[in-house]
Each structure stands twice: as structure tokens, then as C-alpha cells.
Amino acid sequence: MPGPQLQTTAFILARQPSGSDNFEQLTAFSAEHGVLLCLTRLPKTAKPASARRTSAAPNEGRLDLFDEAELWLESSSQGRTWFIKEHRLILRHDGIGRSYEALKTAAAFGTLLARNPVAEESRAPVAALLRSSLGALAAGGRPDIVWLKTLYCLLRDEGYPVKQQWWPLLPAGDRNTAAQLLNQPLAAQTADAPTVTALTRRLEAWVAAETEIRL
């Protein structure tokens, strides 16, 4: 008897071996269902890079890190693990792989979502934030600023009092810089890297001290 079935749109956060030569394990995030642990069948022969999918045909090619895709899933373990029966690529963020720092930042956000449960009411805004952040990194946005903005927005969307508690701890001059970094578009940013790093470390320290989030 077929197990539970599910159709959803999700982002691929991580890829790892499954212990089988026939399957790969994927961690995905869906606005409807949160984190999903999936298995996908490995192709018998890998396609060359020039043959990777560009069409919307189901199962056209192999899912890659940070892909946004429509998934048709089936589970034999009551939803603990899902087998990907079919998929349709919606968007591939090719530009992320061109920068090591962009790749690290995207992976850090993916790890954060995989490690920390997202409340049901927060999943849609978190998925929108993930889409925006991956798009910014793929387009060449500064990874250090993308990470600062992403982490702050995630805390805010998850209901943490980041503005009420973290913000007042900053020196006045840092507050002005932080306001510009958080509120202005990436293209308008001029802050130097050490300043962004210092603010990010302050925010990460607050997360470690005041929340249960594992970075």
C-alpha cells in the first residue's frame, strides 16, 4: 500500500550520502511543511555540465544545492523521510558557486534552518527570506552583509526581541551603521568589512546568549 504523499515547493539546503549507492539524501525547506528529509535516486550515469537541465520537465536532471523546486514526495515512514518521486526545477542559483564566501554564507543559512525548527506561522516569511538571500548571493551581493541582514530578519520574523534587546546594546555610532546596513539595498552599501564583521559578531553573541538558536 502506498504511503503518505505530498506535493510542495521547497529549497534544497543540503546534500549528503545516504549509505546507499542508489540514493542521495537531501535536506529541503518548504514554506508549508518546514524541513523535509528526502531521498532521491541517483542517476546511473552523470550528465555533463552542458547537459544540465534548463527546462521545466519533471525529473530533468539532478537537484543541486540551493535549488528551488517543486517536489512530488512519498513516504514509507509516516513522514519521517520522503522519497522524491518527481521534481520540477523552478530556479537554480548558479551564481552562488562562483564565490567561496557566497557559498559559505548560503550553506550557513541552510544549516541554521536544518538545525532549528521553524514555527508553522513563520515558515512562509522564512521561505521568502531564504529566496531573497539566495537571490542576492547569486547576483553577487556582499556575503558578509547578506548574512547580517538575513540573520537579523530571521530573528525578527521568528519573534525574537532583537530590536528591543540587541539594538539598545549597540553604541550610538554602531546603531547608525547597523541601521544603514539593515535598511538600505545591497547596491547602496559602503560599510567596510571589519565594521560589518564586528556588528555580525555582536549579533551572533546575542543569539548565543539570549536564544535557543544553534548557528
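We did not get these values from a lab; they are worked out from the coordinates using the rules stated. Here the structure is a predicted model, which is why all the values come from computation and not from measurement. Don't worry about glycine lacking a Cβ; one is built from the backbone with ideal geometry, like all the others, and counts go over all protein chains shown.
Annotations
- Neighbour-count ranking [beta-carbon atoms within 10 angstrom, fewest first] of Ile12, Ile90: Ile90, Ile12
- Nitroxide proxy distance, nm - points 7 Å out along Cα→Cβ at Thr81 and Gln5: 2.2
- Per-residue Cβ neighbour counts within 10 Å put Cys38, Cys153 in the sequence Cys153, Cys38, beginning with the fewest.
- Each helix, a run of at least 4 DSSP H residues, gives -39500 (n - 2.57); summed and divided by the residues of the chain, these come to -12000 deg cm²/dmol at 222 nm.
- Take the Cβ atoms of Tyr100 and Asp174, set R0 to 22 Å, and the FRET efficiency comes out at 0.20.
- Packing, taken as the mean count of other beta carbons within 10 Å per residue, orders the peptides 28-35, 161-168 from highest to lowest as 28-35, 161-168.
- For the peptides 141-147, 179-185, 71-77, residues were scored by their other Cβ atoms within 10 Å and the scores averaged per peptide; the highest-first order is 141-147, 71-77, 179-185.
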